[in-house]
Amino acid sequence: MNYTLRSIEIVRDGDGMTYDVLEDGEHRGCVIDERHAGLARGGWAAWTPRNPGNGRRDGVVGFYATAEEAADAILDTWPAPAGPKGETEPRAQWRAIHLRALPAGRRRAVAAHAARLHTEGGRTPASCWKAAIDADWSAQLDASPVPSEDEFVRCVSVLGGDVHDAPREQAGDPHMLPICRTGDMTNRGTRYRETGGELTCQHCIAQRDRRAERRARRAA
């Protein structure tokens, strides 16, 4: 498992089914591969040396579909790393909500990155949080697949107006929505229909251009 801003590793312990979860080399817990059992509860068990907070006394946090999810559950049992000036999250409410929505590994990575930026000096805590959150988002965006233009279809409001991009899987759906989530639907509750027109929505055009830039960077 790879978190760009902070080293989170899942390392196999010998030849068995147990994997150690390490954060910057520090042991945080174990995940056990139980996929062979074919249980509906999830094939990866998560164990922590801390109180799992679920009433169990054996350290078992729960069972998860992937090793990464199990590792995040383990990391959530540990105190949050301190960010700038000891803050555990930004004071700006919307940034704090954004941070809480991240998986534990990325959340901890952002806090650690913000703290490092603050120790370098010349930044307010708020600007450190912003820079760390932006860096996390950019790293995840760069690591994610870039959709091809074939994955979109054009749509337009039944009331007329700009032509937008919509996911191809929504083609023919009476409740299809543009990817920019703007336009008539925001204030009229109208519906969209598929069209063959040229793209005119400036938000959708900007997203198309950013996709092209990401493809170009990866091809370079």
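Please treat every number below as a calculation from the coordinates, not as lab data. Note that this is a predicted model, so its numbers are computed, not measured. Ideal geometry is used to build each Cβ from the backbone, glycine not excepted, and the neighbour counts take in all protein chains shown.
Here are some notes:
- Remark: the chain carries a charge dipole of roughly 680 debye about the Cα centre, counting +1 on each Lys and Arg Cβ and -1 on each Asp and Glu Cβ.
- Residue-count net charge about ALA46 - beta-carbon cut-off 9 Å; Lys, Arg +1, Asp, Glu -1: -2
- The fewest-to-most ranking of HIS118, HIS175 by surrounding Cβ atoms within 10 Å reads HIS175, HIS118.
- Size check on the range 149-219: the Cα extents along the three principal axes, sorted descending, read 40, 21, 18 Å.
- Fewest-first ranking of MET176, MET17, using other Cβ atoms within 10 Å as the exposure measure: MET17, MET176
- Listing CYS128, CYS155 from fewest to most neighbouring C-beta atoms within 10 Å gives CYS128, CYS155.
- Percentage of interatomic Cα-Cα distances in the range 99-212 larger than 16 Å: 67 percent
- Alpha-carbon geometry of the range 1-119: the Rg and the Dmax are 15.2, 48 Å, given in that order.
- Within the chain, the proportion of Cα pairs with more than 20 Å between them is 69 percent.
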